[in-house]
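Okay, so here's the structure we're looking at.
The values are calculated or read from the model by the stated rules, or taken from the named source; none is laboratory data. This structure is a prediction, so every number in the text was calculated from the model and none was measured. Reconstructed Cβ throughout: ideal geometry from the backbone, glycine too, with neighbour counts over all protein chains shown.
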């Protein structure tokens, strides 16, 4: 070891070697207390020093708290690493005495229980809040001022087709609008209806509206005729099948070829098998069809209407074709409603007497003659076709036009009378003369010719 004179040592080195600071140089190290450990040269901790002082009795020197650490630890030597090791040992010993080991498993269990309880509380709060919200949402929104508007703004966008059926109420229309996305809620539209000064009447049909319309805009559109998609067909009484098909095609925009294919087998619509065609079964009326229908669906609608009229007149199922045939002749020959029942009587009387009907309408139908004249051509009168009652006994093979309700009813309920002839003598007014004899009938025919002479171009 190198001995350095005390005067040349720095204060820190002097402290480690027990020399102290210059101010402490004259202080000597107090003697060690006698005892079993007196011979030990190891350093003493403060606790050990106190314990030795206590065991030595009252005459043991009291450890001065101001004594520098190197005095308590013993005289420093050049083997300084021992001091650092002893310090670490002292700190570990002190911590062990002051902080006993904790029960770690118990603490972990407590934390886990706390977490579980917290989660249960949170779940309970969320569940309760969800129930309250779902049950009382409208009331909560109303009280808190959080109410969402139940109506859209403006005229909307895009296009939505809405169908209003016959007999639907305002509530029905409101539900339809909400379902289609036209209005936000049915309530908004229905409440608007109730606020109107006059009752709102909705016309059946298909309307072009928009998505996201306000109730006011939707109501205005439904009352605007321009919003209604016209798929309306007006089928006139007494016209024939080809004309009806053309009018249906024009109204529905379904090609004529599709209708012709649809009527190839009339029996699929409920027409009896003894019917030669669908003629007479396409009921004359005004129809409004939804866009997107097929030709078969349109034809079925007209046939169903014919069956309904036959049932209303109490026509037996087996007599439907025969009654329609008689009714179709009545529809073409009679001009006024009251005369329908008289013409029916003439047909029945002539059939009962075995006379040929000799109806011009049947002769013209057989040759597809549509000149607009009450007089039949010689070709039509002489044509031997199954509809020409000038050449054939009994009724035509089938209907020659589409009869309406009155004609069907007249075929079932002819008027009382003995007439065998009739002729319309005024084509403008429809005045018709009914006769019992040939001479009476010939006189009525002369009356018609005179009228035609006075009214050229009036259908003569």
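Quick one: residue 226 ticks every box in (1) in a helix (DSSP H, G or I); (2) in contact with a strand residue (DSSP E or B) (Cβ under 7 Å, 6 or more places away or on another chain) bar one, so which box is it?
Answer for residue 226: the failing condition is (2).
Which pairs do you get when a residue that is free of Cβ contacts under 8 Å to residues at least 40 places away in the same chain, found in the stretch 113-134, comes within reach of a residue that is surrounded by 10 or more Cβ atoms within 10 Å (Cβ to Cβ) and part of a helix (DSSP H, G or I), reach meaning Cβ atoms under 8 angstrom, with the pair 6+ apart or on two chains?
Matching pairs, first to second residue: 132/140; 133/140.
I'd like to check something: does the stretch 242-254 contain any residue that is part of a helix (DSSP H, G or I) and under 24 Å from residue 160 (Cβ atoms)?
Applying the first criterion (part of a helix (DSSP H, G or I)) to the stretch 242-254 yields 242-252.
So of that shortlist, the ones also under 24 Å from residue 160 (Cβ atoms) come out as 251-252.
Yes, the stretch 242-254 has at least one match.
Going by what's in this entry, would residue 305 be described as within 20 Å of residue 245 (Cβ to Cβ), assigned to a helix (DSSP H, G or I) and free of Cβ contacts under 8 Å to residues at least 24 places away in the same chain? Walk me through how you get there before you give the answer.
Details: within 20 Å of residue 245 (Cβ to Cβ): yes; assigned to a helix (DSSP H, G or I): yes; free of Cβ contacts under 8 Å to residues at least 24 places away in the same chain: yes.
When the stated conditions are applied, residue 305 passes them.
Taking residue 221, is it in contact with a strand residue (DSSP E or B) (Cβ under 7 Å, 6 or more places away or on another chain), assigned to a helix (DSSP H, G or I) and not assigned by TED's automatic domain parsing to the domain that holds residue 287? Give the derivation first.
Details: in contact with a strand residue (DSSP E or B) (Cβ under 7 Å, 6 or more places away or on another chain): yes; assigned to a helix (DSSP H, G or I): yes; not assigned by TED's automatic domain parsing to the domain that holds residue 287: yes.
Taking the combined requirement at face value, the residue satisfies it.
Counting only residues that are crowded, with 16+ Cβ neighbours inside 10 Å and assigned to a loop (DSSP other than H, G, I, E, B), how many does the stretch 284-298 have?
3
Within the stretch 403-460, which residues are within 60 Å of the chain's Cα centre (by Cα), in a loop (DSSP other than H, G, I, E, B) and surrounded by fewer than 18 Cβ atoms within 10 Å (Cβ to Cβ)?
413, 415, 416, 427, 428, 429, 430, 457, 458, 459, 460, listed by residue number.
Quick check: anything in the stretch 275-283 more than 26 Å from residue 362 (Cβ to Cβ) and buried (at least 17 other Cβ atoms within 10 Å of the Cβ)? Outline the logic, then answer.
Taking the stretch 275-283 as the starting set, the residues that turn out to be more than 26 Å from residue 362 (Cβ to Cβ) are none.
Checked the stretch 275-283: no residue is more than 26 Å from residue 362 (Cβ to Cβ) and buried (at least 17 other Cβ atoms within 10 Å of the Cβ).
I'd like to verify a number: residues in the stretch 295-311 that are touching a helix residue (DSSP H, G or I) at 6+ places or on another chain (Cβ under 8 Å) and more than 20 Å from residue 405 (Cβ to Cβ), how many?
3
Would you confirm, using the coordinates I've provided, whether residue 247 is surrounded by fewer than 18 Cβ atoms within 10 Å (Cβ to Cβ), within 28 Å of residue 396 (Cβ to Cβ) and in contact with a strand residue (DSSP E or B) (Cβ under 7 Å, 6 or more places away or on another chain)? Walk me through how you get there before you give the answer.
On the way: surrounded by fewer than 18 Cβ atoms within 10 Å (Cβ to Cβ): yes; within 28 Å of residue 396 (Cβ to Cβ): yes; in contact with a strand residue (DSSP E or B) (Cβ under 7 Å, 6 or more places away or on another chain): yes.
Here the answer is yes, as residue 247 does meet what is asked.
On the basis of being loosely packed, with under 10 Cβ neighbours inside 10 Å and modelled with pLDDT of 90 or more, does residue 159 make the cut? Show your work before the answer.
Working: loosely packed, with under 10 Cβ neighbours inside 10 Å: yes; modelled with pLDDT of 90 or more: yes.
Judged against the criteria, residue 159 is a match.
In this structure, is residue 372 at pLDDT below 95 and closer than 24 Å to residue 281 by Cβ? Before you say what the answer is, go through the steps one by one.
Numbers: at pLDDT below 95: yes; closer than 24 Å to residue 281 by Cβ: no.
Criteria not met by residue 372.
Of all residues in the stretch 202-241, how many are touching a helix residue (DSSP H, G or I) at 6+ places or on another chain (Cβ under 9 Å) and under 30 Å from residue 333 (Cβ atoms)?
Final tally of qualifying residues: 9.
Exactly one condition in (1) surrounded by 20 or more Cβ atoms within 10 Å (Cβ to Cβ); (2) in a loop (DSSP other than H, G, I, E, B) is not met by residue 344; state its number.
With (1) surrounded by 20 or more Cβ atoms within 10 Å (Cβ to Cβ); (2) in a loop (DSSP other than H, G, I, E, B) applied to residue 344, the lone miss is (2).
If I ask for residues that are surrounded by 22 or more Cβ atoms within 10 Å (Cβ to Cβ) and over 50 Å from the mean Cα position of the chain (by Cα), which ones from the stretch 299-339 would you list?
Of everything in the stretch 299-339, those that are surrounded by 22 or more Cβ atoms within 10 Å (Cβ to Cβ) and over 50 Å from the mean Cα position of the chain (by Cα) turn out to be 333, 334.
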